[in-house]
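Have a look at the structure below, then the notes.
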Amino acid sequence: MTTSRPIHPDFQFFLDFKDREVIDLFTDLREYILMLYPDSNELLYHTHALTAVFSISEKLSDAFCMLPIYTNHLNLGFNKGTLLNDPNKLLTGTGTLIRHIDVKNPADYRNPNVTELIKEAINFAIKDMDKPTKSSGKTLSKIKGRV
């Protein structure tokens, strides 16, 4: 699949250690999110999970969703999931704010219900933002030196 934005080399380095199925799902879901909101900033982290966070600004606090990749699976996470309208009960989790959708195949996110949820998360983040963003459509690596 052709991406609208290349995957940052810092992220790609760690992504290449994952199973091909997980890489393909991540790549497709990332492209899907960027298609829905091309101006999103992508913040990249490597902590307990390799994670791409999509934000309306350059701040984590303005993020609307994230893609944490674990050993052999990934989730579509919503940073303020408990505050979103979820009439189809798609979101799972027990955190104070964060909720997620388990991703096992493209049908888990390429459907109208998830599309509406992502759009709602984007609109919520825009309304909830404190200050206007300084940049958009950028990829910002927060990954500290590779091994």
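Just so you know, all these numbers are worked out from the coordinates, no wet-lab data involved. If you're wondering where the values come from, they're calculated on a predicted model, not measured in any experiment. Positions of Cβ are backbone-derived with ideal geometry, glycine not excepted, and every protein chain shown enters the neighbour counts.
How do His8, His48, His100 line up, fewest other C-beta atoms within 10 Å first?
Lowest to highest Cβ neighbour count: His48, His8, His100.
What residue among Pro87, His73, Leu97 has its Cα farthest toward the positive end of the dipole of segment 73-147, where the charges are +1 on Lys, Arg and -1 on Asp, Glu, each on the Cβ?
His73
Quick one: what are the phi-derived ³J(HN,Hα) couplings along segment 102-119, Karplus 6.51/-1.76/1.60 with θ = phi - 60°, whole Hz, x for glycine and proline?
5, 10, 10, 7, x, 5, 5, 10, 8, 8, x, 5, 6, 4, 5, 5, 4, 4
Segment 39-84: percent of C-alpha pairs farther apart than 12 Å?
The share of Cα pairs beyond 12 Å in segment 39-84 comes to 58 percent.
By its C-alpha gyration tensor, with a ≥ b ≥ c as the square roots of the eigenvalues, how is segment 45-147 shaped: rounded for a/c under 1.5, else prolate for a/b larger than b/c, else oblate?
Oblate.
Just in segment 1-74: which chymotrypsin sites (Phe, Trp or Tyr not before Pro) are loop by DSSP and have at most 13 other Cβ atoms within 10 Å?
Passing sites in segment 1-74 are Phe17, Tyr70.
5 Å is the cut-off here: which amide hydrogens, built 1.01 Å from N in the peptide plane, fall below it relative to Ser40, excluding neighbours closer than 5 in sequence?
HN-HN under 5 Å from Ser40: Gly137.
Per residue of segment 38-54, what does 6.51 cos²θ - 1.76 cosθ + 1.60 with θ = phi - 60° give for ³J(HN,Hα)? Whole Hz please, x for Gly and Pro, Karplus curve as stated.
Result, rounded to whole Hz: x, 7, 5, 8, 10, 9, 10, 9, 9, 10, 6, 9, 7, 10, 9, 10, 10.
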